1. Report ³J(HN,Hα) in whole Hz for each residue of segment 101-115, in order, from the Karplus equation J = 6.51 cos²θ - 1.76 cosθ + 1.60 where θ = phi - 60°; Gly and Pro get x.
2. List nothing, just return the count: lysine pairs in the chain, 8 or more apart or interchain, with Cα separation under 23 Å.
3. Where nothing but the Cβ of Lys and Arg (+1) and of Asp and Glu (-1) is charged, how large is the charge dipole of the chain around its Cα centre, in debye to the nearest 20?
4. Can you give the calculated 222 nm mean residue ellipticity of the chain, where each DSSP H run of n ≥ 4 adds -39,500 (n - 2.57) and the sum is split over every residue, rounded to the nearest 500 deg cm²/dmol?
5. Ranked by Cβ crowding within 10 angstrom, fewest neighbours first, how are D184, D48 ordered?
6. Identify, among A136, G160, L78, the residue whose Cα sits farthest towards the positive end of the charge dipole of segment 70-199, taking +1 on the Cβ of Lys and Arg and -1 on the Cβ of Asp and Glu, with the dipole about the Cα centre.
7. Along the Cα→Cβ direction, 7 angstrom out, place labels at D123 and E156. What is the inter-label distance in nm?
8. Can you grab the distance from the C-alpha centre of segment 56-73 to the C-alpha centre of segment 132-163, Å, no decimals?
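None of the figures in this text is laboratory data; all of them are computed from the coordinates on show. What you see is a predicted model, and the numbers here were worked out from it, not measured in a lab. Because the Cβ atoms are built from the backbone with ideal geometry, glycine has one as well, and the counts that use them run over all protein chains shown.
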Amino acid sequence: MRKIAVVTAMACAVAAMGIVAPTLAWLSDSSASVTNTFKGESVTVSIDEAPVDAETGKKIDGERVLSNDYMIVAGRVLDKDPTPTVKKGSVESAVYVKVTNGDPSIFTPNYDAENWTKISGDDESAVYRYSTTVNAYKTEDDVTLSPVFTTVTVSEDFTGLEDDVNITAQAYAVQAEGLVNGDDFTKADAQALSYFNVK
């Protein structure tokens, strides 16, 4: 009988726990979520030059252009000013221009050695780096750099051309962060040379 009473008492206790247990409340709280939004930044660069009169090779008024035609004679100095522009909103970057001279025995550009440093190449094809990094991230306007050169002189020994000859200039910009350390442009230079496929 005593065993029945103990079993009955235990059954009542378990039943009571079942009734009481759901009424227990644990202290708790939750917070608002922290949301991080990641936006990709960019670097945008362009290059153009002043329009010229084809007969004289001298600058004329008008919108800047991507190409000009020239009539040339020996000894003539032609206006040509390939000018890179870093677009507003671009992060700090290193800026480069690759110049390809179709015939350096005829054409001699007056390179701006004060603002542009040749990092690779020769008279036929060379890559130049702007002297400082350029930061247009918070500027209200695009940042226009100095021209790589402003004139091209035709050799006094020039006697004519069998085919047209071109001088081209192409701009490239790469982010400075992680690639430029003070005056050390080694990593950025490597990126530019790789882009232009130059050793």
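1. Coupling constants for segment 101-115: 9, x, 7, x, 6, 9, 10, 10, x, 9, 4, 8, 6, 6, 10 Hz.
2. Taking the Cα cut-off of 23 Å, the pair count is 19.
3. 2320
4. Only helices count here, giving -4500 deg cm²/dmol.
5. Lowest count first: D184, D48.
6. About the Cα centre, the residue reaching furthest to the positive side is A136.
7. 1.6
8. 13
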